[in-house]
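Quick notes on the structure that follows.
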Amino acid sequence: MAIKTVGVLGCGLMGSGITQVSAQAGFPTVVVEANQALLDRGLDGLKKTLEGLVAKAKIEAKDRDAILGRITGTTRLEDLKACDLVVEAITENQPLKNETFAKLDGICPPHAVLASNTSSCNITAMAAATKRPGQVLGLHFFNPVPLMKLVEVVRTILTDERSFKTAWEWVQAIGKVPVDTKDATGFIVNRLLVPYLLDAVRVYESGLASLEDIDQAMKLGCGYPMGPFTLLDLVGLDTTMFVAEVMFEEFREPRYAPPPLLKRMVMAGRLGRKSGRGFYDYGKP
């Protein structure tokens with residue numbers, strides 16, 4: 001089945017990025033938010049991103065206008081009724097996602113594929129909440145969506161081959177690189193990345209080295225684009241802790257348990273760049 005019209009549920013950081021790359025690839029895209037204020041904020045951010053691309057001569061003004069012309073913003077879930085693919089990008093809350101997929105199942109056409117952008121929730125549970133479990137899967141994009149090439153295409157034990165192939169081909173059509181993974185908490189990237197980040201906190205906690213030296217060591221010694229503490233601050237300490245807790249609940253392995261220092265920093269409101277201070281202080285010049 002060829003995807004012609006795409007729906008995106010959520011117009012936050014991830015949802016607006018998915019909306020952008022979908023419309024940029026030529027797909028009419030309907031984006032839904034919970035209320036008009038959130039929708040306006042998301043679409044305004046998307047417009048500024050496109051304006052920035054025009055200013056940098058990455059795209060022409062006519063391309064910007066064409067992309068925006070393919071995007072329809074709404075606060076009505078029912079406006080997804082003609083979409084061939086819907087990508088959910090709402091808050092990481094399992095009961096809410098299950099409930100949302102049950103609603104989408106009743107609204108979207110019978111052939112539509114329903115996907116979640118979740119990084120930690122159980123996609124099988126979302127599929128089980130519908131009457132089309134074979135057409136439910138994960139499409140895990142990475143932040144920032146317009147720049148990051150990878151998409152984890154996540155199949156549950158219920159996902160049928162036709163739906164998987166449809167989603168895989170759409171990911172390629174929007175210029176991303178898909179990888180095939182199963183529905184297990186963390187998928188590929190977070191399964192490997194989160195223990196690394198937690199171990200970095202433990203190394204710092206033990207007094208082995210400073211933040212700066214650990215970051216420098218991993219950048220220059222392993223060729224990483226940024227050190228673990230710079231990455232933690234970028235991702236958000238609360239986000240990392242939440243994903244770690246979900247993974248620990250699933251696997252009960254010590255390597256997934258959030259270290260005490262990470263917990264206390266989240267309690268103190270030091271969440272990283274978004275709060276102005278995490279492991280590093282972003283209030284300083």
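Pick from Thr29, Thr240, Thr19: which is most flexible by mean-square fluctuation in a GNM of the chain where alpha carbon atoms under 10 Å apart are linked?
Of Thr29, Thr240, Thr19, the most mobile in the Gaussian network model is Thr240.
Can you run the Rg to Rh ratio on the range 15-91? Use alpha carbon positions and the Kirkwood inverse-distance Rh.
On the Cα set of the range 15-91, Rg over Rh gives 0.97.
Rounded, prolate or oblate: which fits the range 170-265 when a ≥ b ≥ c are the square roots of the eigenvalues of the alpha-carbon gyration tensor, with rounded for a/c under 1.5 and prolate only if a/b beats b/c?
oblate
Relative contact order of the range 66-187, please, whole-number percent, based on alpha carbon pairs below 8 angstrom and at least 6 residues apart.
Answer for the range 66-187 is 21 percent.
Relative contact order of the range 194-273: what whole-number percent is it, with Cα pairs under 8 angstrom and at least 6 residues apart?
35 percent
Test of understanding: given the chain, find the longest segment containing no trypsin sites (Lys or Arg not before Pro) that are in a DSSP loop and have at most 15 other Cβ atoms within 10 Å.
The answer is 150-251.
Counting only C-alpha contacts under 8 Å and six or more residues apart, can you give the relative contact order of the chain as a whole percent?
Reported as a whole number, the value is 13 percent.
Specify, per residue and in Å³, the volume enclosed by the convex hull of the alpha carbon atoms belonging to the chain.
Convex hull volume per residue, Cα atoms: 143 Å³.
In whole Å, what are the Cα extents of the range 93-216 along the three principal axes, biggest one first?
Here the Cα extents, ordered largest to smallest, are 57, 32, 22 Å.
Hey, in the GNM for the chain with a 10 angstrom Cα cutoff, which one of Gly207, Gly45, Gly236 fluctuates hardest?
Of the options given, Gly207 has the highest mean-square fluctuation.
Quick check on the range 6-182: of the DSSP beta bridges with both residues there, what percent are antiparallel, nearest 5%?
15 percent
Using only helices, what value at 222 nm comes out for the chain when you add -39,500 (n - 2.57) per DSSP H run of length 4 or more and divide by the total residues, to the nearest 500 deg cm²/dmol?
-14500 deg cm²/dmol
What do you get for Rg/Rh of the range 1-134 when both radii come from the Cα atoms and Rh is the Kirkwood radius?
Using Cα coordinates only, the ratio equals 0.99.
Would you mind getting me the FRET efficiency between Asp213 and Arg264? Use the beta-carbon distance for r and R0 = 22 Å, nearest 0.05.
0.50
Once you have the Cα-Cα distance between Lys149 and Thr91, take 0.36 nm times their residue separation minus that, and quote the gain in nm to one decimal.
Using 0.36 nm per residue and subtracting the Cα-Cα distance, I get 18.6 nm.
For the chain, build the charge dipole from Cβ charges (+1 Lys, Arg; -1 Asp, Glu) around the Cα centre, then report which of Asn190, Ala23, Leu137 sits farthest towards its positive end.
So the residue furthest toward the plus end is Ala23.
Rounded to the nearest 20 debye, what is the charge dipole size of the range 6-182 about its Cα centre when +1 sits on each Lys and Arg Cβ and -1 on each Asp and Glu Cβ?
The dipole of the range 6-182 has a size of about 200 debye.
None of the figures in this text is laboratory data; all of them are computed from the coordinates on show. Keep in mind that this is a model prediction, so the values were computed, not measured. As a convention, Cβ positions derive from the backbone with ideal geometry for all residues, glycine included, and neighbour counts pool all protein chains shown.
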